[in-house]
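Asks: Quick one: structure below, then a few questions.
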Amino acid sequence: MNSSLGILLAEDDDADVFLLKRAFAHAEIQNPLYVAHDGQEAIDYLAGVGNFANRTEYPLPSLVILDLKMPKCSGMQVLQWLRSQPVLHCLPVIILSSSTHRHDIERAYRLGANAFVAKPASTEARDQLSRYIKGFWLQFNEPPMLATEGLEAARKLHAQEDINRIFL
């Protein structure tokens, strides 16, 4: 497990941020957690613009945890934007939402979510979810190149894939 790889949490509710941070601490997740408080801030972080232009201070994450109902841009809009970005489209995204409406779940998967999880109501369930995130997404899952080797390496790989698709 590479504990230097960051996680971006896009969540507008400070109480939910606090509870998830506490559950991460109980699960001994040591990866840096960056928080975007609305959908536009999540896009700005991922795009590396404005306050998030310094990639040393705000590195690309290896995992995005995304709430659906946020101000400025919804989680669905963030997900749709993310999947439209040639280099960022492969970032793993977990939707963590209070919604369990079938329409939201199906739409999130159609837009490219890797997982959809209802926000746990109890401390025990949050702790269990955090252990699952640590075990699967942070230990066993292989993150995309942009999270491990950087944006430039990922751009070169994708450019080479585009060239190969054209000429091969």
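Asks: Does residue 34 qualify as being within 21 Å of residue 85 (Cα to Cα), touching a helix residue (DSSP H, G or I) at 6+ places or on another chain (Cβ under 8 Å), part of a strand (DSSP E or B) and not hydrophobic (A, V, I, L, M, F, W, C)?
Replies: Numbers: within 21 Å of residue 85 (Cα to Cα): yes; touching a helix residue (DSSP H, G or I) at 6+ places or on another chain (Cβ under 8 Å): yes; part of a strand (DSSP E or B): yes; not hydrophobic (A, V, I, L, M, F, W, C): yes.
Answer is yes for this residue.
Asks: Something else now. Select, from 65, 29, the only residue that is assigned to a strand (DSSP E or B) and either over 21 Å from residue 144 (Cα atoms) or touching a residue at least 40 places away in the same chain (Cβ under 8 Å) (or both).
Replies: 65
Asks: Kindly indicate whether residue 120 is within 25 Å of residue 15 (Cβ to Cβ) and not in a helix (DSSP H, G or I). Before you say what the answer is, go through the steps one by one.
Replies: Values: within 25 Å of residue 15 (Cβ to Cβ): yes; not in a helix (DSSP H, G or I): yes.
Yes.
Asks: Considering segment 64-111 alone, what residues qualify as being of a type in the set (Asp, Glu) and either surrounded by fewer than 15 Cβ atoms within 10 Å (Cβ to Cβ) or within 21 Å of residue 6 (Cα to Cα) (or both)?
Replies: 67, 106
Asks: Report every pair of residues separated by at least 6 positions or lying on different chains whose Cβ atoms are under 8 Å apart, first residue within segment 109-128 and without any contact (Cβ under 8 Å) to a residue 24 or more places away in the chain and β-branched (Val, Ile, Thr), second surrounded by 16 or more Cβ atoms within 10 Å (Cβ to Cβ) and part of a helix (DSSP H, G or I).
Replies: The qualifying pairs are 117/129.
Values quoted throughout were computed directly from the atomic coordinates according to the rules given, and no laboratory measurement underlies them. Keep in mind that this is a model prediction, so the values were computed, not measured. Glycine also receives a Cβ, built like all others from the backbone with ideal geometry; neighbour counts cover every protein chain displayed.
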